[in-house]
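The values are calculated or read from the model by the stated rules, or taken from the named source; none is laboratory data. Small disclaimer: the values here were computed from a predicted structure and weren't measured. Using ideal geometry, Cβ is built from the backbone for each residue, glycine included, and neighbour counts are taken over all protein chains shown. The protein model used for the area step is the full one, side chains on, heavy atoms only, and it has no ligands, DNA or RNA in it. Shrake-Rupley method; radii C 1.70, N 1.55, O 1.52, S 1.80 Å.
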Amino acid sequence: MFMNENQAVSQDQPTEPVRQLPVITPAVDILENEREILLHADLPGVLKDDINIHIDNGKMTLSGRRRLQMTGATAWREFADAEFRRIFAVPQNIDVGQVHADLKEGVLRLHLPKSESAKPRRIEITAG
């Protein structure tokens, strides 16, 4: 079998064009406080089940696929299916087991809680 980015050729089937989805880098805001790092990512038209967040070895990959349902004859089209993808470095002080996210009105809010050892604390001084 021979493949290039425009066609897939198989010995059993005729040549078919392969449709490449455009990859969009989502806009993000990153906020940090003493408890967590909060990431807001703009993912318009992406459903919750089409979002993947993967954290491994100090790297977080955020991806999602927008699938549009078009009906009727197309007179003009600028809005189409797309893949959103962005990769971030993640500090080692993040408690990966406690990471959680929610999606509302096309904005993903990703909460990256800091581990207890990374949170600021006051050190008591004893008199001697």
| With contacts defined as alpha carbon pairs under 8 Å and 6 or more residues apart, what's the relative contact order of segment 64-128 in percent? | 23 percent
| Qualifying GluC sites (Glu not before Pro) in segment 56-111, DSSP loop, other Cβ atoms within 10 Å at most 12 | Glu78, Glu105
| note | Once Lys and Arg are counted +1 and Asp and Glu -1 for all other residues with Cβ under 9 Å from that of Thr25, the total becomes +2
| message | Given contacts defined as C-alpha pairs under 8 Å and at least six residues apart, what's the relative contact order of segment 29-102, whole-number percent? | response | 25 percent
| request: Starting from the residue with the highest accessible area, list His40, His54 in decreasing order, probe 1.4 Å. | output: His54, His40
| remark: Karplus-derived 3J(HN,Hα) from phi for segment 101-115 (6.51 cos²θ - 1.76 cosθ + 1.60, θ = phi - 60°), whole Hz, x at Gly and Pro, runs 9, 9, 10, 9, 6, x, 10, 8, 10, 10, 9, 10, x, 7, 5
| request: Please work out whether segment 21-128 counts as rounded, prolate or oblate from its C-alpha gyration tensor, where a ≥ b ≥ c are the square roots of the eigenvalues and a/c under 1.5 means rounded, while otherwise a/b larger than b/c means prolate and anything else oblate? | output: prolate
| Under 10 Å, Cβ to Cβ, from Val107 - net charge with Lys/Arg +1 and Asp/Glu -1 | -2
| field | Exposure rank, largest accessible area first [Thr74, Thr126, Thr61; 1.4 Å] | value | Thr126, Thr74, Thr61
